[in-house]
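Notes follow the structure.
The values are calculated or read from the model by the stated rules, or taken from the named source; none is laboratory data. Small disclaimer: the values here were computed from a predicted structure and weren't measured. So basically every Cβ, Gly included, is an ideal-geometry build from the backbone, and we count neighbours across all protein chains shown. Remember, those area values only see protein heavy atoms, side chains included, never the ligands or the DNA or RNA. Shrake-Rupley method; radii C 1.70, N 1.55, O 1.52, S 1.80 Å.
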Amino acid sequence: MTVVPSALDNDSCDTAIRASILHFVADPDKSGDACEYFDDGLLILKQGRVQMLVEASEWLDLLPDGSQLYDYSGRLVMPGFIDTHTHYPQAEIIASYGLQLLDWLEQYTFPTEKKFAEREYADRVAGFFCEQMMRNGTTTSAVFATIHPESVDAIFEQARDRDLCLVAGKVMMDRNAPEYLRDTAESSYRDSSQLIDRWHLQGRGYYAVTPRFAPCSSPAQLEVCGQLLQEHPDLYLQSHVAENYDEVRWVAELFPDSRSYLDVYDRYGLLRERAVFAHCLHMDDEDRATMAGKGGAAAFCPTSNLFLGSGLFDLPAMRAAGIRCGLGTDVGGGTSLSLLATASEAYKVLHLQEHALPATRALYLATLGAAEALYLDDKIGNFEPGKEADFVVLDYEGSPLTARRTAAAGSIEEKLFALMTLADDRNVASTWVLGDEALS
Ligand SMILES: [Zn+2]
């Protein structure tokens, strides 16, 4: 896949990273050669983009004078993790006790999201959230703000200041929510339009039309969502679908003409390419076929699904249907901002359904698979030449336990699986964004 020049000059390299390097060039479900691993690799960068990925032994001596070499030998470099679904305002209600989805929203989420009417508060939490992303090796996130436009400005500004790639939008909610958190169809159209003008396709920012979920939006507001997408066809859409049985029953009562929960979104033109739906737990084959056909993507959020007792994501069925899938942390229903911890819980969710999830497939879902789900795989997700150089440096020795366990591993697959299962932010040695070390 790499076009190899006969020599390197200053035009093709300003920075080189030496490490064990792993990435995916294809979907491991479809290709036996999807995972590329260099035990002693060299990632060559120029102006924040990948030039090539090669064997260090063959290319180290060819680096031009003046280029910066960062030697992470013994550590593992991977593409920056991509979180396909999370809520930055809920960073401070993570790990709230004892409730399932609808009560959890009422008791914990809504009172917290009320605070984001205040811009200064939103700035503080947005900054904290971006720092936590980088601490966990995440360089791209698809994020819900709150209904307040200020909360959207806050997260886009904080991400922009750190060069992070961000998909985000203003939550739309005009019914079945407390008065203090309701907009209207008209105001949500007006506010979203202004935010689209301000943030969509600005740098690494992408705007997502963000109805919280079907029960909280009137038919008029769902129509507005469809209208925004028609007016700006390259926008994203993000929402939730089929997370919890009580929720699914409620949607059936609210939308009696729809065949299924997913069908509600489809009827308003919201199921499409660049539409990401969190959870997708209680869906049938017809839903899956429709979703695949329309190009919608699923965010698999295992820590949230287990924590809120929502159900088990059927990854094999989703993949067999041809649906794009990525991992999502879904904080604060989810219990970790780490995509490694999320991958580990994904493994357990699959195990409960008598499947397995090799580390390579799980890590694909956190990198290239997630980039494909977000239709950003022409820019991020792996180390193909020309891609934006976002990556994480993982330290096998970040904790005494991971040091001992990975040292005892007999193969790279075993080592990756142990790391994925045991890692936390101590194992993130540094995070690089657009070819610059952003956190170490
Ligand atoms: Zn969510």
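Some notes on this structure:
- Cα centre as origin, Lys/Arg/Asp/Glu Cβ charges: the chain dipole, Debye: 480
- Within the accessible area of the stretch 106-261 (1.4 Å probe), percent carbon and sulfur: 47
- Signed unit charges on C-beta, dipole axis of the chain, positive-most listed residue VAL25, TYR364, SER260: SER260
- Here r is the Cβ-Cβ distance between ARG175 and LYS30 and R0 is 35 Å; the resulting FRET efficiency, rounded to 0.05, is 0.25.
- Per residue, the accessible area of the chain comes to 37 Å², computed with a 1.4 Å probe over protein heavy atoms only.
- Mean separation of Cα contacts under 8 Å (6+ apart) over length of the chain, as relative contact order %: 19
- GNM remark for the chain: springs join alpha carbons under 10 Å apart, and the peak mean-square fluctuation among VAL167, VAL331, VAL248 falls on VAL248.
- Restricting the calculation to Cα atoms, the chain shows an Rg/Rh of 0.97 when the hydrodynamic-style radius is the Kirkwood one.
- Accessible-area composition of the stretch 277-411, carbon plus sulfur, in percent [1.4 Å probe]: 50
- Relative to the Cα centre, the charge distribution of the stretch 166-252, modelled as +1 at Lys and Arg Cβ and -1 at Asp and Glu Cβ, gives a dipole magnitude of about 180 debye.
- Charge dipole magnitude, Cβ of K and R +1, D and E -1 - the stretch 330-418, Cα centre, debye nearest 20: 320
- Here the relative contact order of the stretch 252-392, from alpha carbon pairs under 8 Å that lie six or more residues apart, stands at 19 percent.
- Springs join every pair of Cα atoms under 10 Å in this Gaussian network model of the chain, and among ALA26, ALA409, ALA122 the largest mean-square fluctuation is at ALA409.
- Number of Lys pairs (Cα under 21 Å; 8 or more positions apart or on different chains) in the chain: 7
- Candidates GLY410, GLY333, GLY137, ranked by Gaussian network fluctuation over the chain, Cα under 10 Å, top entry: GLY410
- Residues whose amide H falls under 5 Å from that of LYS46, counting only those 5 or more places apart or on a different chain, are ASP14, GLN51, with hydrogens built in the peptide plane.
- Surface composition of the stretch 11-94: carbon and sulfur atoms hold 38% of the protein heavy-atom accessible area at a 1.4 Å probe.
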